[in-house]
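Before I ask anything, let me first share the structure, which is written out below as structure tokens.
Bear in mind these aren't lab numbers, they're just calculated from the coordinates by the rules spelled out. Since the model is a prediction, treat every value here as computed from it, not as a measurement. Positions of Cβ are backbone-derived with ideal geometry, glycine not excepted, and every protein chain shown enters the neighbour counts.
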Amino acid sequence: MVNVKTLAWATLAVSASAFLIPSIQALGDDLADAFDSIAESVHLGDQVATFPTPNPNEKPVPGNAPIVQCEALNAQILDLQEVIIDPSPPVKGQNLTFSATGFLSEDIEDGAYVDVDVRFGFIRLIHQTYDLCEQVENVDLECPIKKGKQVITKLVEIPAEVPPGKYVVNARAFDKNDVLITCLTATVEFPATSG
Ligand SMILES: *[C@@H]1O[C@H](CO)[C@@H](O)[C@H](O)[C@H]1NC(C)=O
């Protein structure tokens, strides 16, 4: 067992979990509600209008994962040095192995939070703020997360029932003093027929 702690994984887990980690119950319920509301919605134009403007300051995260660092010109507590996923791209109904290396310039303590924004095609599915320290417990992390180099690996099962389509997940994490920890955007497209 790898027993390491990293905010890289925490943040990625929270962002990726919107479609990758059914064990994070809050996100799962939010997704279900969101899909329900899509079914009812006839005002998609309104939802499109609420999208945040794409940030031009994007920098690919090294590795093979479809993740970019956003607001890369702003100082960030987390320096995410590499993310490796297998398989790449993720396949629904299959296990995904995740490995992340990063460097925290500060301890992360209680009070940290993450704003998560999930788009499905042109539809905004989720816009929620989560307690980061609560969420990291789902991935075997615990606050305070100490500063320094962090490496972690994790296996997640991607449910076969994930609706096909293109998902864009934006996660912006902040510490308890509203200092930016990281801004990450992940893009995954699940084809209509998997495998
Ligand atoms: C995924 O991993 C779990 C735990 O190791 C295992 O029980 C399960 O069979 C795996 N699923 C697939 C589709 O490989």
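Whole-Hz Karplus ³J(HN,Hα) for segment 173-185, in order, using 6.51 cos²θ - 1.76 cosθ + 1.60 and θ = phi - 60°, x for Gly and Pro?
After applying 6.51 cos²θ - 1.76 cosθ + 1.60, I find 9, 10, 7, 5, 9, 6, 7, 5, 7, 6, 10, 10, 10 Hz.
Here is a further query. With a point put 7 Å past each Cα toward its Cβ, work out how far Val91 is from Ala160 in nm, to one decimal.
Output for this residue pair reads 1.3 nm.
Same structure, new question: If you take the square roots of the eigenvalues of the alpha-carbon gyration tensor of segment 73-157 and sort them as a ≥ b ≥ c, do you get rounded (a/c under 1.5), prolate (a/b over b/c) or oblate? Let's see the in-between values first.
Details: a/c = 1.63, a/b = 1.22, b/c = 1.33.
Taking the square roots of the gyration eigenvalues as a ≥ b ≥ c, segment 73-157 is oblate.
For Asn177 and Asp79, calculate 0.36 nm times their separation in residues minus their Cα-Cα distance, and state this gained length in nm to one decimal.
Values: separation 98, 0.36 × 98 = 35.28 nm, distance 1.85 nm.
Separation in residues times 0.36 nm, less the Cα-Cα distance, equals 33.4 nm.
Return Glu137, Glu71 ranked ascending by Cβ neighbour count within 10 Å, so the fewest neighbours appear first.
Least to most surrounded, the residues fall as Glu137, Glu71.
Here's something else I'd like to know. Show me, for segment 93-108, the HN-Hα J-couplings you get by feeding each phi into the Karplus relation (A = 6.51, B = -1.76, C = 1.60, θ = phi - 60°), rounded to Hz, glycine and proline as x.
Working through the residues one at a time gives x, 10, 6, 10, 9, 10, 9, 10, 10, x, 9, 9, 8, 9, 5, 10 Hz.
On a full-extension model of 0.36 nm per residue, what is the gain between Ser105 and Asn64, subtracting their alpha-carbon distance, rounded to one decimal in nm? Don't skip to the answer; put the middle values down first.
On the way: separation 41, 0.36 × 41 = 14.76 nm, distance 2.42 nm.
Full extension of this stretch gives 12.3 nm more.
Let me ask something else. Please compute the net charge surrounding Ser105, taking Lys and Arg as +1 and Asp and Glu as -1 over other residues with Cβ under 12 Å from its Cβ.
Neighbourhood net charge equals -1.
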